[in-house]
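The structure under discussion appears below in the form of structure tokens.
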């Protein structure tokens, strides 16, 4: 009788050892001596099939789900203990149980998810694919963006977006997340936030077309939603007397030999600003001007160097040609305005911006009230371009559409198609009159 009782107790003890209900029991579960493996049933509410397997030659234990698939019994490894704790194993078991209820084999489901993950792009991977596409895709005028525009997009991604979004899967990006990122950018740079929004719209459109996402989370997102509403457009333009003060200040920074007399400006930078005033060209077009682009009195700017991606022709007045003659004495390379610090390379376009700021005493947070142009209302390099356009219109009664053509703005279709020869002759007259006005006023 006693032997029967002891046998019953032994069976109960063995059964309890093979039925785990607590984390402590999971931790203590071991293989009996002499056995090659052991399994114990794990409780999970009313759901069955969850077990824990241990082997003497492995430190980790395996969570196993046994289920019936048709007429066969299958096993699915949920994970390993202790990496996957008891609560996590129960949750994984519940999810697998629901798949089986729907007739889905959890093993095949896992393979499908793994394959989808391998095919899914991160935002960083998506950007690299998109920027290659963007660099060759036609935009306005049917031509790709300029190299400078592409570099700006790369810099914008690197500076503002890569750290915040680069590692996330495209499919996981939410509208709320984009708003938070763009709002953070807008707190210090509203215009950059607006440009980043445009970049993200295009990037995520590209991803939607390639079935990385079903819907673009940036679609319909307006600058105002992320505090990136553009500020009031600038309308600052210099009057002719102010323009002449700037012209004279550029001369005052140089000595008789044509070398900068102070650390404020180099001769190349001063001449670059003067040519910008005479032509109305953009700072990047002027700073990287090449001798090969100059044919007699005409400057041919290749489409790859213009914002509109269209070749642009600029007439060089005798005053502009005099500046080039001066530059030939100091420039031995391919660029008209060579850098004094980096031989063989052009001055950087930001150098022109800095030069204008220094002349106004505004290149640092602490203003220099003794600067030669500090008394003038603040103006920027782009304000000079606006000023030139305004003076052409007001002084010479030039047609605004003609001025737009001189500034390389994309013209209305009919204007861009007809009367090109006649309109360019009219532009030449304006450039010549402008050069004479500058020279006469400077005397």
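The values are calculated or read from the model by the stated rules, or taken from the named source; none is laboratory data. Note that this is a predicted model, so its numbers are computed, not measured. Glycine also receives a Cβ, built like all others from the backbone with ideal geometry; neighbour counts cover every protein chain displayed.
Tabulated data for the structure shown
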{"quantity": "Helices (runs of 4 or more DSSP H) wholly inside segment 168-280 containing at least 3 residues that are modelled with pLDDT of 90 or more and in the same structural domain as residue 355 (by TED's automatic domain parsing)", "calculated": "240-252, 267-279"}
{"quantity": "Pair list, Cβ < 6 Å and 6+ apart or interchain, from segment 271-296 residues that are within 19 Å of residue 250 (Cα to Cα) to residues that are part of a strand (DSSP E or B)", "calculated": "279/314; 287/346"}
{"quantity": "Close pairs from segment 338-350: first under 16 Å from residue 283 (Cα atoms) and in the same structural domain as residue 287 (by TED's automatic domain parsing), partner exposed (fewer than 10 other Cβ atoms within 10 Å of the Cβ) and at pLDDT below 85, Cβ under 7 Å, at least 6 apart", "calculated": "none"}
{"quantity": "Every residue from segment 290-308 that is under 20 Å from residue 271 (Cβ atoms), surrounded by 15 or more Cβ atoms within 10 Å (Cβ to Cβ) and touching a strand residue (DSSP E or B) at 6+ places or on another chain (Cβ under 7 Å)", "calculated": "290, 293, 297, 299, 301"}
{"quantity": "Complete set of residues in segment 283-293 that are in contact with a helix residue (DSSP H, G or I) (Cβ under 7 Å, 6 or more places away or on another chain) and outside any helix (DSSP H, G or I)", "calculated": "288"}
{"quantity": "Which numbered condition residue 181 misses (of (1) within 30 Å of residue 323 (Cβ to Cβ); (2) without any contact (Cβ under 8 Å) to a residue 24 or more places away in the chain; (3) touching a helix residue (DSSP H, G or I) at 6+ places or on another chain (Cβ under 7 Å))", "calculated": "(1)"}
{"quantity": "Among residues of segment 141-167, those that are over 17 Å from the mean Cα position of the chain (by Cα) and either without any contact (Cβ under 8 Å) to a residue 40 or more places away in the chain or not in a helix (DSSP H, G or I) (or both), counted", "calculated": "3"}
{"quantity": "Neighbours by Cβ (under 6 Å, 6+ apart or cross-chain): first from segment 22-46, within 14 Å of residue 65 (Cα to Cα); second assigned to a loop (DSSP other than H, G, I, E, B)", "calculated": "40/18; 40/29; 43/21"}
